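Asker: Have a look at this one.
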Amino acid sequence: MPKAEAEQKGAGAAKTGGTGRAATGKSARSARTRTRERWLFALTLPYLLFLALIALGNASGPERWWGSVFNLYFPQWIWGLPALPLLLAGLIWARRAAILPALALLWVLGPLMGFCWPLRLFGTPVGNGTRLRVLTYNVKGGHRDMEAVLREIQDAHPDVLLLQDNGQAFTAALEPIFREWGWHHVAFSQYLIASRFPLTGEEPRPLALHGFSYLRCRMQVGATSVAVYDAHLLSPRFGLAPIRRHPRSGSIGLEQNATDRLAQSFVLASDIARETGPVLLTGDLNAPMPSLVCANLERVGLHDAFVEGGRGYGYTYGHTLPFRHSYVRIDHVFLSKQWRAQACWAGGAQGSDHRPVAADLVLGE
């Protein structure tokens with residue numbers, strides 16, 4: 001065999017062998033990638049199932065089971081933490097497997113944490129009518145920082161102010177401001193309603209539990225009479241605290257606590273259902289939006305101002321607890337169909353255990 005022909009055959013054999021080794025290596029890498037993807041899918045699916053159970057509990061009514069009630073007042077961002085290592089592992093080792101933990105993280109950051117963003121475009125008019133600003137605030141009697149609470153109210157300069165956990169000392173501190181602004185105000189027990197619009201017919205009404213009540217009055221806005229409700233429902237802390245000491249018996253107490261608060265919301269919703277004109281309900285309802293408490297109010301035609309006009313999470317409570325950050329929205333401004341919310345936001349954390357909630361509203365003509 002000629003030398004040139006032998007060299008050509010040798011080179012062809014070497015080339016074929018090299019291609020085969022490359023194909024084998026590529027196939028091995030693909031097999032390893034598929035194995036990693038299967039492992040990541042297997043680890044992510046139980047996590048997704050857990051998130052689905054939380055969502056199902058919220059959708060079906062959290063008050064139906066003590067575990068769902070407990071979750072209502074638990075920082076929801078914690079449920080996003082397992083997604084982070086799964087997402088990182090997917091980005092490093094198996095890109096396709098990163099889709100599921102990324103979706104899980106978006107699920108937590110969005111619906112589970114209560115993220116809101118109005119669908120209307122910026123600058124879209126919200127309708128004709130009277131524009132006014134409402135501020136609702138559980139001030140805890142001004143015991144934490146009365147000056148900060150007063151600054152919060154003065155800086156917001158609302159047209160309507162509704163307080164819960166108010167005390168005589170704090171009312172006395174507000175009276176010079178009301179005189180300066182030329183405001184009307186009514187008060188009963190822990191409640192105070194003040195406004196630049198005339199207020200009449202103040203009436204404390206009982207809630208479902210002994211010793212609990214809310215304050216109702218009428219506010220005259222031009223030719224329109226508005227029913228104004230200021231409410232403070234039963235706190236969940238009476239049900240959550242025993243869980244730490246006695247989980248089994250504490251779960252029963254937590255369910256009863258939720259049932260009592262739900263009964264209060266039925267009374268409130270029943271009274272609102274009998275109103276024939278515009279209704280404004282604000283207060284510390286001690287209930288996040290997924291709760292049946294808020295569902296009862298929506299069932300009688302009210303809608304939440306932050307859901308309609310807020311941006312972000314609007315958390316109002318939690319900044320005085322060990323996490324040191326607000327993580328749940330339990331203070332609300334609820335509106336009847338005659339109102340539109342142009343904007344809604346939570347105020348500062350310095351003055352009270354609760355952040356105030358302010359809303360710029362339009363009362364339709």
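Asker: Treating the angle as unsigned and between 0 and 90°, give the value, to the nearest 10°, between the Cα long axis of helix 146-156 and the longest Cα principal axis of the chain.
Answerer: The angle comes out near 80 degrees.
Asker: To the nearest 10 square angstrom, how much accessible area does Met113 have with a 1.4 angstrom probe?
Answerer: 20 Å²
Asker: Over the chain, with the other protein chains present, what is the accessible area per residue in square angstrom, probe 1.4 angstrom?
Answerer: Per residue, the chain has 50 Å² of solvent-accessible surface.
Asker: Once every DSSP H run of n ≥ 4 in the chain is given -39500 (n - 2.57) and the sum is divided by its residues, what mean residue ellipticity at 222 nm do you get, rounded to the nearest 500 deg cm²/dmol?
Answerer: Numbers: 10 runs with 159 residues, N = 365.
Rounded to the nearest 500, it is -14500 deg cm²/dmol.
Asker: Among Leu100, Gln350, Leu51, whose Cα lies farthest out toward the positive end of the dipole of the chain, if unit charges sit on the beta carbon of Lys, Arg (+1) and Asp, Glu (-1)?
Answerer: Ranked along the dipole, the leading option is Leu100.
Asker: While we're looking at this one, here's another question. So how much accessible area does His246 have, in Å² to the nearest 10, using a 1.4 Å probe?
Answerer: 110 Å²
Asker: Now a separate question. Quick one: accessible surface of Glu175, probe radius 1.4 Å, all protein chains present, in square angstrom to the nearest 10.
Answerer: 70 Å²
Asker: May I ask for the angle, rounded to the nearest 10°, between helix 168-181 and the longest principal axis of the chain, with both axes built from Cα atoms and the value confined to 0 to 90°?
Answerer: The answer is roughly 80 degrees.
Asker: Below 8 Å between Cα atoms, with a sequence gap of 6+, how large is the relative contact order for region 238-365 in percent? Don't skip to the answer; put the middle values down first.
Answerer: Numbers: 214 pairs, mean separation 27.0, N = 128.
About 21 percent, as a whole number.
Asker: List the relative contact order of the chain as a percent without decimals, with contacts defined as Cα pairs under 8 Å and 6+ residues apart. All intermediate terms of the calculation are to be shown ahead of the outcome.
Answerer: Working: 664 pairs, mean separation 68.7, N = 365.
Rounded, it is 19 percent for the chain.
Asker: Now a separate question. When the solvent-accessible surface of protein heavy atoms is calculated with a 1.4 angstrom probe, in what order do Lys140, Lys337 fall, highest first? List each step's numbers first, then the result.
Answerer: Working: Lys140 50, Lys337 170 Å².
Of Lys140, Lys337, the descending order of accessible area is Lys337, Lys140.
Asker: Identify, among His332, Ala263, Gly239, the residue whose Cα sits farthest towards the positive end of the charge dipole of region 202-348, taking +1 on the Cβ of Lys and Arg and -1 on the Cβ of Asp and Glu, with the dipole about the Cα centre.
Answerer: Most positive-ward Cα: Gly239.
Asker: What part of the accessible area of the chain, given as a whole %, is carbon or sulfur when the probe is 1.4 angstrom?
Answerer: Values: 10990 of 18230 Å².
The value for the chain is 60 percent carbon and sulfur by accessible area.
Asker: Of Tyr317, Tyr137, Tyr327, which has the most accessible area and how do the rest follow, probe 1.4 Å? Present the calculation step by step, with values, prior to reporting the outcome.
Answerer: On the way: Tyr317 60, Tyr137 0, Tyr327 25 Å².
Greatest to least solvent exposure: Tyr317, Tyr327, Tyr137.
Asker: Now for a separate question. Might you report the magnitude of the Cβ-based charge dipole of region 192-260 about its Cα centre, with Lys and Arg at +1 and Asp and Glu at -1, to the nearest 20 debye? Let's see the in-between values first.
Answerer: Numbers: 8 positive and 5 negative charges, 52 e Å.
I would put it at about 240 debye.
Asker: Now a separate question. First check a/c for region 140-284, with a ≥ b ≥ c the square roots of the eigenvalues of its C-alpha gyration tensor; if it is under 1.5, answer rounded, and if not, answer prolate when a/b is larger than b/c or oblate otherwise. Walk me through the numbers on the way to the answer.
Answerer: Numbers: a/c = 2.91, a/b = 1.47, b/c = 1.98.
Verdict is oblate for region 140-284.
Asker: Moving to a separate point now. Report the trypsin sites (Lys or Arg not before Pro) located in region 36-123 that are in a DSSP loop and have at most 14 other Cβ atoms inside 10 Å of their Cβ, or state none. Don't skip to the end; give the middle numbers.
Answerer: Details: sites: Arg36, Arg38, Arg64, Arg95, Arg96, Arg120; in loops: Arg120.
Sparse-neighbourhood loop trypsin sites (Lys or Arg not before Pro): Arg120.
Asker: Report ³J(HN,Hα) in whole Hz for each residue of region 98-107, in order, from the Karplus equation J = 6.51 cos²θ - 1.76 cosθ + 1.60 where θ = phi - 60°; Gly and Pro get x.
Answerer: Along region 98-107, the couplings run 6, 5, 5, x, 5, 5, 4, 5, 5, 4 Hz.
Asker: Next question, about the same structure. How would region 214-301 be classified by its alpha-carbon gyration tensor: rounded, prolate or oblate, with rounded meaning a/c under 1.5 and the a/b versus b/c comparison settling the rest? Mind showing how you got there, number by number?
Answerer: Numbers: a/c = 3.68, a/b = 2.77, b/c = 1.33.
Prolate, because a/c is 1.5 or more and a/b exceeds b/c.
Asker: With every protein chain kept in the model, how would you rank His185, His319 by accessible area, 1.4 Å probe, largest at the top? Please list the in-between numbers first.
Answerer: Details: His185 70, His319 15 Å².
Descending order: His185, His319.
Asker: Computed from the coordinates I sent, Cα Rg over 2.2 N^0.38 Å equals one of [x] 1.39; [y] 1.01; [z] 1.47. Tell me the label.
Answerer: From the options [x] 1.39; [y] 1.01; [z] 1.47, the structure gives [x].
The values are calculated or read from the model by the stated rules, or taken from the named source; none is laboratory data. Bear in mind that the values here come from a model prediction, so they are computed numbers and not experimental data. For neighbour counting, all protein chains shown are included, and Cβ atoms are generated from backbone atoms with ideal geometry for every residue, glycine included. SASA here: full protein model, heavy atoms, side chains in, ligands and nucleic acids out. Shrake-Rupley method; radii C 1.70, N 1.55, O 1.52, S 1.80 Å.
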